[in-house]
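Here the structure comes first, spelled out in structure tokens, and everything after it is commentary.
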Amino acid sequence: MSFTIQEENRLVEVCAVADAYMAERREKILAHAAKIKELEAQRLAAVSAPEKDRLTREIRDLSPFDPVKFNPPFEHSHAPYLAGIVIEDDDPRIGRKHLLFGKQGLMDSQSNAVIIDWRKAAISKLYYEYEEGEDYEEVIVKRERTGRIEKKIAYGISRRELQTIQTGTGTLVKQNGLWKEQGKTTTMDQKEASGDYRMVDIVSLISPAQFELITRQHEGCLYLTGGAGSGKTTVALHRLSYLMYNFPDSLRPERCLVVMFNRSLRDYVAQTSRELLTSRLAVETFHSWADGALRSLGVPFKFSVRAGRNLGPLKKKAGMYRALVEHAQTTDSGAENPIEDLAGFYANSPLLEQHLGKNREVRELVQAGKRLLQEGGDLAFDDAGILLHLIQLRGGEKPIPGVLNWYDHILVDEAQDLSLIELKCLEAANDPSHRSLTVCADERQKILDFVDARGFAHFQLHLNEQGVTSGQLSVSYRSTRQIMELASRVSGRTVENVLNKGPEPRFHAFQTLEEALARLKSSIAALLAREPHSLTAVICRYRKDAETVFGALRAIQGVRLQTSNMTFTPGVVVTNVHQVKGLEFSGVILWNPSGRSYPGTELGKNLLYVAVTRASNRLAIYHHDALSPLFQEPGKPRLKK
């Protein structure tokens with residue numbers, strides 16, 4: 001029997017076990033419910049008190065055995081497993097065995113493991129930490145096991161149909177009912193084939209280095225860093241999934257929090273987290289979480305985009321945190337009226353000048369504080385973190401649900417773009433009895449120039465003092481080597497270990513805006529006709545540029561303007577660079593990256609690096625102004641229009 005037929009038969013058998021398990025589960029649930037209903041009817045009909053008490057005890061004793069509680073549904077019958085290994089164990093009682101790994105374990109009616117949950121690290125490490133042909137020596141279930149890994153397999157299964165089989169010798173793809181050999185495929189290839197551009201889970205793709213980080217201890221702080229496309233966010237999410245599975249008593253889903261950079265990234269992750277993690281897990285931006293926390297406390301406030309419009313950078317300074325802490329330490333409690341407490345802090349001119357200096361912005365903040373004290377009014381969005389942390393500083397040690405000393409674990413992504421107060425606010429929300437944090441950051445992807453970088457440096461120092469564990473991801477899985485070499489040129493950072501190769505980035509220069517837009521329009525129309533299942537982003541520096549570009553492309557079906565919330569269906573997205581942080585696309589068209597848009601400053605480098613590295617396979621640059629000097633190769637003549 002051929003290898004592919006064996007694997008197709010294996011899938012049929014596993015699906016049959018899953019169906020049998022679910023059918024048996026339904027029968028047990030119905031039988032249990034019928035028994036409880038019968039006892040309740042008998043209790044209702046009983047006349048004597050002793051008989052009623054006996055039936056009440058019997059109902060109570062049956063409750064812990066409710067199949068709904070101890071027989072969880074098998075939720076992945078559409079794709080029951082994702083990876084597998086064939087081992088030849090030295091123990092003859094085990095011998096040659098084919099092990100399957102999935103997002104959820106599955107037992108047959110004889111209590112044999114049909115699928116092993118990938119989060120059972122003692123066994124799954126045989127898949128993640130060894131290569132084909134290697135000998136293993138591990139302690140599994142308190143017994144030393146030795147043997148050889150004969151084969152490692154990654155499965156692509158959709159709707160109970162085996163579509164791809166990847167082994168150390170290559171990849172087999174099923175097309176029109178026939179199996180064919182195919183070259184190496186990437187996660188973006190899989191997304192294009194399925195038309196599903198959500199964040200991919202990497203259960204079958206986890207590298208040994210990633211697996212080591214995922215399975216680190218659950219207490220303390222893990223600081224993850226690495227370049228674009230190295231998998232920081234994905235590894236962090238899989239780590240949280242691993243921790244909640246292995247430490248269910250100390251990491252409860254309803255007490256875990258994931259904080260993303262913006263709404264686009266939040267929505268991108270939330271779609272995946274429902275399947276990888278659980279719907280009970282909160283995925284928020286910092287501001288949406290802070291807003292919800294304040295409302296849960298009953299704090300009367302209203303945010304306005306007009307309030308404190310020019311004071312955002314001042315409120316993001318590291319000195320603001322030091323001033324806030326001193327205010328909480330030296331003034332009476334403002335717990336009864338947090339808004340008044342905040343206003344009093346802002347109105348304290350000597351304190352603010354001590355930590356933030358004497359300048360126009362401080363004077364404006366002082367005046368805003370006085371107005372808030374006297375007249376009330378709306379708050380600025382940048383006030384949320386300051387107000388919430390002030391409440392935390394006043395709160396003492398007693399936990400406040402969702403606010404203070406509450407969360408079992410907090411995952412903070414893109415931490416380099418959060419202010420010190422915001423970072424401290426999140427830390428204060430974590431349960432200090434078993435501090436558990438995952439912090440993901442890459443300082444070279446810092447794109448908010450109004451956030452004081454010294455705040456993140458201070459937070460890093462604080463974590464180091466607490467004994468942080470650091471992890472460096474050095475392999476780029478997203479972009480091709482050609483794209484990463486261009487990213488290296490614009491950012492000055494060393495090219496990382498890049499797995500994939502592809503076409504060279506293409507530069508298209510035009511004399512006028514109108515000419516550039518006309519060519520872009522024809523190129524987009526041709527792209528959509530040629531690749532209807534791909535997802536391409538036209539990335540502009542500013543929102544107003546995105547609106548201009550979209551105006552020229554509006555008539556083309558499949559093109560959409562998205563400068564806030566993102567959707568990840570195939571087509572062409574016209575957006576601005578701040579919206580694509582952490583996202584990835586089949587291809588990127590970088591729109592008019594001029595010297596004005598991306599100057600040779602640290603911020604300009606970071607922004608351009610982020611824009612370039614959103615592309616997985618294809619990158620094109622369309623410009624009608626002179627290119628940013630950051631594209632200049634060392635030793636080459638200056639780029640001209």
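A few remarks follow.
- Qualifying positions in segment 267-289 - modelled with pLDDT of 85 or more and surrounded by fewer than 22 Cβ atoms within 10 Å (Cβ to Cβ): Ala282, Glu284, Thr285, His287, Ser288
- Number of residues in segment 347-362 that are in a helix (DSSP H, G or I) and in contact with an Asp or Glu (Cβ under 9 Å, 6 or more places away or on another chain): the value is 4.
- Among the residues of segment 139-156, those that are touching a Phe, Trp or Tyr at 6+ places or on another chain (Cβ under 7 Å) and either exposed (fewer than 15 other Cβ atoms within 10 Å of the Cβ) or closer than 22 Å to Val14 by Cβ (or both) comprise Thr146, Ile149, Lys152, Tyr155.
- Identity of the residue in segment 293-308, farther than 23 Å from Lys370 by Cα and surrounded by 15 or more Cβ atoms within 10 Å (Cβ to Cβ), that ends up modelled with the lowest pLDDT: Leu297
- A search for C-beta distances below 7 Å between a residue of segment 360-384 that is over 23 Å from Phe286 (Cα atoms) and any residue that is among the hydroxyl-bearing types (Ser, Thr, Tyr) and open to solvent by less than 70 Å² (accessible area, probe 1.4 Å), counting only pairs 6+ apart in sequence or on different chains, returns Val366/Tyr346; Val366/Ser349; Ala368/Tyr346; Gly369/Tyr346; Leu372/Tyr346.
- Filtering segment 450-466 to residues that are out of contact with any Pro (no Cβ under 6 Å at 6 or more places or on another chain), in a loop (DSSP other than H, G, I, E, B) and over 24 Å from Ser230 (Cβ atoms) leaves Asp452, Gln466.
- Residue in segment 526-542 that is at pLDDT 95 or above, open to solvent by less than 40 Å² (accessible area, probe 1.4 Å) and among the charged types (D, E, K, R) present: yes
- When segment 48-72 is filtered for residues that are surrounded by 14 or more Cβ atoms within 10 Å (Cβ to Cβ), assigned to a loop (DSSP other than H, G, I, E, B) and of a type outside the set (D, E, K, R), only Asn71 remains.
- Sub-9 Å Cβ pairs linking a first residue in segment 283-312 that is under 24 Å from Ala270 (Cβ atoms) to a second residue that is open to solvent by 60 Å² or more (accessible area, probe 1.4 Å) and in a loop (DSSP other than H, G, I, E, B), at least 6 apart or interchain, are His287/Phe381; Asp291/Phe381; Ser296/Pro401; Phe303/Asp378; Phe303/Phe381, ordered by first then second residue.
- Filter result for the condition that a residue is outside any strand (DSSP E or B) and in contact with a helix residue (DSSP H, G or I) (Cβ under 7 Å, 6 or more places away or on another chain), over Gly377, Gly396: Gly377
- Selection from segment 79-133 of residues that are among the acidic types (Asp, Glu), in a loop (DSSP other than H, G, I, E, B) and touching a residue at least 60 places away in the same chain (Cβ under 8 Å): Asp108, Glu129
- Restricted to segment 572-596, and to residues there that are of a type in the set (Ser, Thr, Tyr) and more than 22 Å from Ser476 (Cβ to Cβ), the residue that is surrounded by the fewest Cβ atoms within 10 Å (Cβ to Cβ) is Ser594.
- The residue list Gln482, Gln472, Gln511 contains one member that is more than 16 Å from Ser264 (Cβ to Cβ), part of a helix (DSSP H, G or I), open to solvent by 30 Å² or more (accessible area, probe 1.4 Å) and polar (S, T, N, Q), which is Gln482.
- Candidates Val498, Val549, Val559: the one that is in contact with a Lys or Arg (Cβ under 7 Å, 6 or more places away or on another chain) and either over 26 Å from Gly231 (Cα atoms) or without any contact (Cβ under 8 Å) to a residue 60 or more places away in the chain (or both) is Val498.
- Qualifying positions in segment 109-125 - open to solvent by less than 40 Å² (accessible area, probe 1.4 Å) and over 16 Å from Tyr242 (Cα atoms): Val114, Ile115
- Single residue of Val439, Val490 found to be in contact (Cβ under 8 Å) with a residue 40 or more places away in the chain and closer than 19 Å to Val612 by Cβ: Val490
- Flag if Gly369 is small (Gly, Ala, Ser) and surrounded by fewer than 20 Cβ atoms within 10 Å (Cβ to Cβ): yes
- Flag if Lys521 is open to solvent by less than 10 Å² (accessible area, probe 1.4 Å) and either closer than 24 Å to Ala228 by Cβ or out of contact with any His (no Cβ under 6 Å at 6 or more places or on another chain) (or both): no
The values are calculated or read from the model by the stated rules, or taken from the named source; none is laboratory data. These figures come from a predicted structure and were not determined experimentally. Ideal geometry is used to build each Cβ from the backbone, glycine not excepted, and the neighbour counts take in all protein chains shown. Just the protein is used for accessible areas: all its heavy atoms, side chains included, with ligands, DNA and RNA removed. Shrake-Rupley method; radii C 1.70, N 1.55, O 1.52, S 1.80 Å.
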